[in-house]
Amino acid sequence: MNYESLMQIALAEAAKSGTDVPVGAIILDDNHEIISMAHNNREIAHDPTGHAEIIAIREAAAKLEDWRLEGCTLIVTLEPCVMCAGAIVAARIPKVVFGAWDERVGASGSLYDLLRDGRLGSPVEVIPGILQEDCSAQIREFFQAKR
C-alpha cells in the first residue's frame, strides 16, 4: 500500500483546518477505499472533541452503519492523542498510520502507547513517521504564523 500518497491526501485535508491546528485524517475500508476524510474543527465548532480522527471515525461508522470499524485503516498527519487513541480502540480500528510524532500529548508511542496496550483489547498496528517531515512542517508553520 502506498502510504505516502495517502498521507498526501491527509495533508491536503489538514490544510482545510483554518484557524485550528492543521491535522487531517482519512479512513480506508477493508478494500482500501477512502470512506471518510476530516480535519480539526474545534475552533469553528466550539467542540473540544473536534479532532480530525474523531470526526473521521464518526463519518466512517455512519457510512458503514456500524460502530465497529474492523478492517479499516486510519491515516492521520499527527500522532493521535489520548482521546483519539481511546476512540480508535473503541472503534476497533486495527491499523493506524501517522506522520508526525507528538511528544507533548501523543498516545501512540511517544508519551503514551495506548494503541498497542493489550490491556485495552486487541493491540493496534501502528505505522509511524510516514512523510514525517512534511507533516511536522505543516504544524510548525501554523504555530510560527500564530506568533
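The values are calculated or read from the model by the stated rules, or taken from the named source; none is laboratory data. What you see is a predicted model, and the numbers here were worked out from it, not measured in a lab. Ideal geometry is used to build each Cβ from the backbone, glycine not excepted, and the neighbour counts take in all protein chains shown. Just so you know, the surface numbers come from the protein's heavy atoms only, side chains and all, with ligands and any DNA or RNA stripped out. Shrake-Rupley method; radii C 1.70, N 1.55, O 1.52, S 1.80 Å.
What the table below lists for this structure:
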{"quantity": "Nearest-20 debye value, segment 26-94 charge dipole, Cβ charges on Lys, Arg, Asp, Glu", "calculated": "160"}
{"quantity": "Residue with peak Gaussian network fluctuation, the chain [Cα springs, cutoff 10 Å], from 55, 75, 127", "calculated": "127"}
{"quantity": "Gaussian network model of the chain, springs between alpha carbon atoms under 10 Å - residue of 119, 58, 92 with greatest fluctuation", "calculated": "119"}
{"quantity": "Cα gyration tensor, segment 26-91 - rounded (a/c under 1.5), prolate or oblate", "calculated": "prolate"}
{"quantity": "Computed over the chain: relative contact order in percent, which uses C-alpha pairs under 8 Å that are six or more apart", "calculated": "20"}
{"quantity": "Accessible area expressed per residue, the chain, with surrounding protein chains retained (probe 1.4 Å, Å²)", "calculated": "50"}
{"quantity": "Calculated over segment 41-126: convex hull of Cα atoms, volume per residue (Å³)", "calculated": "87"}
{"quantity": "Global form of segment 80-147, assessed from the alpha-carbon gyration tensor, a/c cut-off 1.5", "calculated": "prolate"}
{"quantity": "Most mobile of 21, 126, 105 in a GNM of the chain (Cα contacts under 10 Å)", "calculated": "105"}
{"quantity": "Whole-number percent relative contact order across segment 95-147, with pairs defined as alpha carbons under 8 Å at least 6 apart", "calculated": "40"}
{"quantity": "Segment 46-100, relative contact order in percent, only Cα pairs under 8 angstrom and at least six apart counted", "calculated": "41"}
{"quantity": "Percent accessible area from carbon and sulfur atoms, segment 23-117, protein chains only, probe 1.4 Å", "calculated": "52"}
{"quantity": "Euclidean distance between Cα centres, segment 5-27 to segment 84-105, Å", "calculated": "15"}
